[in-house]
Amino acid sequence: MEKTRRVVLYGSDLVVSTVGANLRERAGFQILQIDPLLPDALQRLDAAHPEVVLFDLASTQPDFTVAVLRKHPGLLLIGVDLKTDKMLVMSGEESRLLTTDDLVQMMERGQSRG
C-alpha cells in the first residue's frame, strides 16, 4: 500500500498553483493550499500537520523558512523558482555536533547531494 504524503502548497500565485495542479494528478499526495496573505496562515499550516511544504522562492519572505523549520524540525520545505528551473530543498534534520569531526562529516555529506 502506497503512503500518502500531506503536502501544503503555501501560496496562491501561479507558480504554486501550477505545481499543485500537477501534484493533484498523481496518486500518493494529499494536497492543501494555504494563502499566506491570510492573517492565520501560519496557524493553518500548523493545523495541517504537513510532511512537505511547497512555496514560491520568489514571493515568500526568507524568515518564513527559518520560523517554520524551527517549529517543525522534521518538515521538508521545498522552494520552487520556475524562472530559473531550480528548487531549494530545506530540512530541519538535526544531527549531533560534539566534535569538529561531526561538523566535517555533515559538510561532506552535503557535498555528495549537490
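The values are calculated or read from the model by the stated rules, or taken from the named source; none is laboratory data. Not measured: the values here are computed from a predicted model. In this analysis, Cβ positions are derived from the backbone assuming ideal geometry, glycine residues included, and neighbour counts consider all displayed protein chains.
With the condition being in contact with a helix residue (DSSP H, G or I) (Cβ under 6 Å, 6 or more places away or on another chain) and either among the acidic types (Asp, Glu) or without any contact (Cβ under 8 Å) to a residue 24 or more places away in the chain (or both), I'd like the strands (runs of 3 or more DSSP E) fully within the range 1-70 carrying at least 1 qualifying residues. Steps first, answer last, please.
Details: elements: 5-10, 29-34, 52-56.
Those strands (runs of 3 or more DSSP E) span 52-56.
Filter the range 17-53 down to the residues that are among the β-branched types (Val, Ile, Thr) and modelled with pLDDT under 90, then identify the one that is farthest from Leu69 (Cα to Cα).
Thr18
Of all the residues that make up the range 71-110, how many are of a type outside the set (Gly, Ala, Ser) and at pLDDT 85 or above?
Number of matching residues: 16.
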